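Read the structure below first, then the notes.
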Amino acid sequence: MPERTLYFVSSNEEKRREIEDGLRTVGYTVERVALDLPEIQSLDPAVVAEHKARLAYEHLDGRTALVEDTGLALHAWNGYPGALIKWVLAAVGEEGLCRQLDPWPDRRARATVVLCLFDGVEARLFSGSVEGVITHAPRGEHGFGWDSIFQPASMTMTYGEMPREVKMQISMRARAVAALQNYLRHTPPMTGA
C-alpha cells in the first residue's frame with residue numbers, strides 16, 4: 001500500500017504521534033504543521049474542530065487538513081468546560097480544577113476527542129468519548145493536558161499514570177482514530193494527501 005501524508009495542524013507533537021501510530025495501518029503518515037489559528041468559543045469540540053479545519057485548509061495550499069479538538073465535560077457542571085478545557089487549565093491548572101470540583105459530590109466526566117478532516121469541500125468528523133472521573137489530585141507523569149486528573153471508568157489509573165501504549169488502547173483519541181482509520185480504509189486517497 002503506498003504511503004500517503006495527512007497534515008495534522010497542532011502544536012502538540014505527542015498528539016501527532018498518537019494519531020500517526022493508529023494511521024500507519026491504513027498507509028498514512030502524519031505530518032504536524034504548527035499554525036496559530038483563532039479558536040471559536042464553544043463547549044462542543046466538534047464545532048471547534050470543524051471551524052479550525054476550515055481555517056487550516058486555507059493555510060495548507062489545498063492540502064487536506066486534519067485537526068483535533070478535545071473536550072472534558074464535567075457532569076456536575078452541566079458539560080462545562082467541554083472544549084474550553086484548555087483555557088480553564090491555563091488559568092487554574094490541573095490541581096486547581098480538582099480543587100474547584102471539591103464542593104460537588106459528582107466527579108464524573110466525559111472525555112471527548114473530535115478529529116476533523118477537511119478537503120476543501122466536505123468536513124468529516126470522527127469522534128471518540130470515554131466516561132470517567134476527575135481525581136482529587138493530579139496523579140502520574142505520562143501524557144499531557146489533563147491526563148493526570150482523568151481516570152477512565154473501571155480503571156484504577158489516570159491517563160497520566162499509563163504508558164502511551166496502554167492509554168492508546170482505551171483512550172478517546174484511540175476511538176476517534178479508529179473511526180478515521182475505518183473511513184480511510186474504505187475511501188479513495190484524500191485529495192492533497
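Could you give the length gained by full extension between ARG54 and GLU122, i.e. 0.36 nm per residue of separation minus their alpha carbon distance, to one decimal place?
Numbers: separation 68, 0.36 × 68 = 24.48 nm, distance 0.94 nm.
Here the segment from ARG54 to GLU122 would lengthen by 23.5 nm.
Can you return the lysines within cross-link range of LYS86? Criterion is Cα-Cα under 17 Å, with same-chain partners fewer than 8 residues away left out.
Within the straight-line cut-off, LYS86 pairs with LYS15, LYS52.
Looking only at the chain, where both bridge partners belong to it, what percent of the DSSP beta bridges are antiparallel (to the nearest 5)? Kindly include the intermediate steps, with their values, before the conclusion.
Details: 26 of 34 bridges.
Rounded to the nearest five, the antiparallel share is 75 percent.
Over region 1-114, what portion of Cα pair distances is larger than 17 Å, expressed as a whole percent?
On the way: 3926 of 6441 pairs.
Summing the P(r) of region 1-114 above 17 Å gives 61 percent of all pairs.
So for region 56-109, Kirkwood radius off the Cα pairs, Stokes-Einstein at 10 °C and 1.306 mPa s: how many µm² s⁻¹?
Values: Rh = 13.0 Å.
After rounding, the answer is 122 µm²/s.
Taking the Cβ of each residue in THR70, THR25, THR135 as the centre, tally the other Cβ atoms inside 10 Å and list the residues starting with the fewest.
On the way: THR70 22, THR25 11, THR135 19.
In increasing order of surrounding Cβ atoms, one gets THR25, THR135, THR70.
When only C-alpha pairs under 8 Å and at least 6 residues apart count, what is the relative contact order of region 4-185, in percent? Before the final figure, lay out each step's value.
On the way: 392 pairs, mean separation 35.8, N = 182.
It rounds to 20 percent for region 4-185.
Ranking SER129, SER10 by Cβ neighbours within 10 Å, fewest first, what do you get? It would help to have the intermediate numbers written out before the result.
Details: SER129 15, SER10 19.
Ascending number of Cβ neighbours within 10 Å: SER129, SER10.
Find me the longest stretch of the chain that has none of the exposed GluC sites (Glu not before Pro), where exposed means in a DSSP loop (not H, G, I, E or B) with at most 12 other Cβ atoms within 10 Å.
Working: sites that count: GLU3, GLU122, GLU141.
Free of exposed loop sites, the longest segment is 4-121.
Each value in this text was obtained by applying a stated rule to the coordinates, not by laboratory testing. None of the values given here were measured: they were computed from a predicted structure. For neighbour counting, all protein chains shown are included, and Cβ atoms are generated from backbone atoms with ideal geometry for every residue, glycine included.
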